[in-house]
1. Among the residues of the stretch A:344-387, write down those that are outside any helix (DSSP H, G or I) and among the hydroxyl-bearing types (S, T, Y).
2. Within the stretch A:312-322, does at least one residue satisfy the condition of being more than 30 Å from A:G282 (Cβ to Cβ) and open to solvent by 20 Å² or more (accessible area, probe 1.4 Å)?
3. Pull up the stretch A:165-211, narrow it to residues that are polar (S, T, N, Q) and more than 11 Å from RNA strand B (Cβ to nearest atom), then point me to the one that is modelled with the lowest pLDDT.
4. For the stretch A:54-75, which positions are surrounded by fewer than 15 Cβ atoms within 10 Å (Cβ to Cβ) and either within 15 Å of RNA strand B (Cβ to nearest atom) or among the hydrophobic types (A, V, I, L, M, F, W, C) (or both)?
5. Would you call A:A131 modelled with pLDDT of 95 or more, in a strand (DSSP E or B) and more than 30 Å from A:E316 (Cα to Cα)?
6. Inspect all residues belonging to the stretch A:102-116 and state whether any of them is acidic (D, E), touching a strand residue (DSSP E or B) at 6+ places or on another chain (Cβ under 6 Å), assigned by TED's automatic domain parsing to the domain that holds A:G133 and open to solvent by 30 Å² or more (accessible area, probe 1.4 Å).
7. Being open to solvent by less than 20 Å² (accessible area, probe 1.4 Å) and polar (S, T, N, Q) is the filter here; which residues of the stretch A:245-300 pass it?
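The values are calculated or read from the model by the stated rules, or taken from the named source; none is laboratory data. Model, not experiment: these values are computed from the prediction. When we count neighbours, we look across all protein chains shown, and the Cβ atoms used for this are built from the backbone with ideal geometry, even at glycine. Remember, those area values only see protein heavy atoms, side chains included, never the ligands or the DNA or RNA. Shrake-Rupley method; radii C 1.70, N 1.55, O 1.52, S 1.80 Å.
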Amino acid sequence: MKFKSITGTRDVLPEEQPYWRLIENKIYQITSLFGYQRVDPPIFEETALFVRGVGETTDIVEKEMYTFKDKSDNSLTLRPEFTAGVIRLYLQNGMHMLTKPVKVFSIGPIFRYERPQAGRFRQHTQFNVEAFGEKDAAIDFEVMSIAWHLYAELGFKGLRFQLNSTGCPVCRPQYIEKLQNHYRKHIHLICQDCKRRLQRNALRLLDCKVPDCQPVIQSAPVISEHLCQDCESHFAKLCHYLDLMERPYTINHKLVRGLDYYTKTVFEVWAQGIGAQNAMCGGGRYDGLIELLGGDPTPGIGFGSGIERIILVMKEQGLTPPPLEVPKIIIAHMGEAAKEMAINLTHQLRNARIPVQLSFGDRSLKSQLREANRLGMDHVIIIAEQEVADQTATIKRLSDGVQEAVPQNKIIAFFSDRVVAQS
RNA sequence: GUGGGUGUAGCUCAGCUGGAUAGAGCACCAGGUUGUGGCCCUGGUGGCCGCGGGUUCAAGUCCCGUCACUCACCCCA
């Protein structure tokens, strides 16, 4: 074999397509139910958009972007997430003049140069939702509900939100200061990575998994107790709405997401069954980002959900999608005249929206029937010398082998009341 | 970028401490019925044993390197 797929990419074979079809259909139903419209930004943008939007000090920008130069020497990057591109689309196309909130979703591939492992790839597919221009905590709840609905309709068990607030430019710096003070007192106890985090990205100290660091995390100040008035009441309202609608959630003080732009709400939905990765979706509020990317000050909230991870969890939980419809009729033939008749009949049946396959080549009837059996057909239409002579076709039912001669002009009628094509 | 595991047929895997023309099951093709599938029987196609080097009379088997896959870390969907 000469070529193989690139590290971290995968082929989606026919067996897996029912999962994709089901999930996509649910996404269309739910977004329509909630009033979100689809937008499709391009797969690549100028590099600066992502550097600005995602944050220069994030791991994504520092080491995970697929960045390349085009023939005009422009630096371009395959999108490592949706939000920055969707905001660019929103601003460039004047959508900021629309009645707010502006509610949109996207589906498509995302690229990050990482070491692949269970539930993580270099190219994966995300379902992404964004709502621009509304600061009410009720929309935080609505956006979270979209993810919830999707997983619930797919039949997931044991769903639970992980929730936290990361504050805002008013209260977060004060909290970070307290956190840093706490860590400086225990600096001799923490790991090398944490020493680096202490300087560069103090919030990330909280989700370190090194055992030695856990006591320091346990005793660290909790951000939700250090929020400003505005952030605290926003967080309280969101929790209230979740309580009201009986959505299970855990306030997770250690949930701080890897992107710089989050303010106030951050959340994930967790599931078991995807190895070390347990987040099926992740998102939050980013009230300063649109302004940072050149728009008017506008609040926003969104999330991304990895479809490959959804499929992994479905498989883990034994959730099977309905099979895609395939033809259950095949036309077998013997002899050149019969073959021509078969080609013609195939055409007629397909025009009548009856799914049908044609047998190819000039093989023994035995071989064609064996093929029909392997393909899981319900009926075989046999056309040979005899059928050509009297303008009939032999229709054989494979389940019990019963067969009958049907005049060729009655074949469509024969099938139309027992086979309905998928629309 | 770091660490562990694994690379033999399309797929799942045997191949013991180095000594065959490299195997099995499934799948595929054909025949057993020159107009009839499934079950069964018979035969067949298909492998530079990941790649490169080394040790040896002899390497699928041992050593080194490399690449790929995989799991985990960092981080994330």
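1. Within the stretch A:344-387, the first condition is being outside any helix (DSSP H, G or I), and the residues that meet it are A:352-364, A:375-384.
Within the stretch A:344-387, A:S359, A:S364 meet the criteria.
2. Here is the first cut: in the stretch A:312-322, the ones more than 30 Å from A:G282 (Cβ to Cβ) are none.
No, there is no match, as no residue in the stretch A:312-322 is more than 30 Å from A:G282 (Cβ to Cβ) and open to solvent by 20 Å² or more (accessible area, probe 1.4 Å).
3. Applying the first criterion (polar (S, T, N, Q)) to the stretch A:165-211 yields A:165-166, A:174, A:180-181, A:192, A:199, A:201.
Filter again for more than 11 Å from RNA strand B (Cβ to nearest atom), leaving A:165-166, A:174, A:180-181, A:199.
On the way: A:S165: 94, A:T166: 91, A:Q174: 90, A:Q180: 87, A:N181: 88, A:Q199: 76.
Per the criteria, the residue is A:Q199.
4. Matches in the stretch A:54-75: A:E56, A:T57, A:E62, A:K63, A:F68.
5. Details: modelled with pLDDT of 95 or more: yes; in a strand (DSSP E or B): yes; more than 30 Å from A:E316 (Cα to Cα): yes.
When the stated conditions are applied, A:A131 passes them.
6. In the first step, residues of the stretch A:102-116 are kept if they are acidic (D, E); the result is A:114.
After this cut, where a residue has to be touching a strand residue (DSSP E or B) at 6+ places or on another chain (Cβ under 6 Å) as well, the list is none.
No, that holds for no residue.
7. A:T263, A:T265, A:T298
Results for (1) hydrophobic (A, V, I, L, M, F, W, C); (2) at negative phi; (3) open to solvent by 50 Å² or more (accessible area, probe 1.4 Å), shown as yes or no for each residue.
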position: A:R196; (1), (2), (3): no, yes, yes
position: A:L203; (1), (2), (3): yes, yes, no
position: A:L206; (1), (2), (3): yes, yes, no
position: A:V210; (1), (2), (3): yes, yes, yes
position: A:P215; (1), (2), (3): no, yes, yes
position: A:I223; (1), (2), (3): yes, yes, no
position: A:E232; (1), (2), (3): no, yes, yes
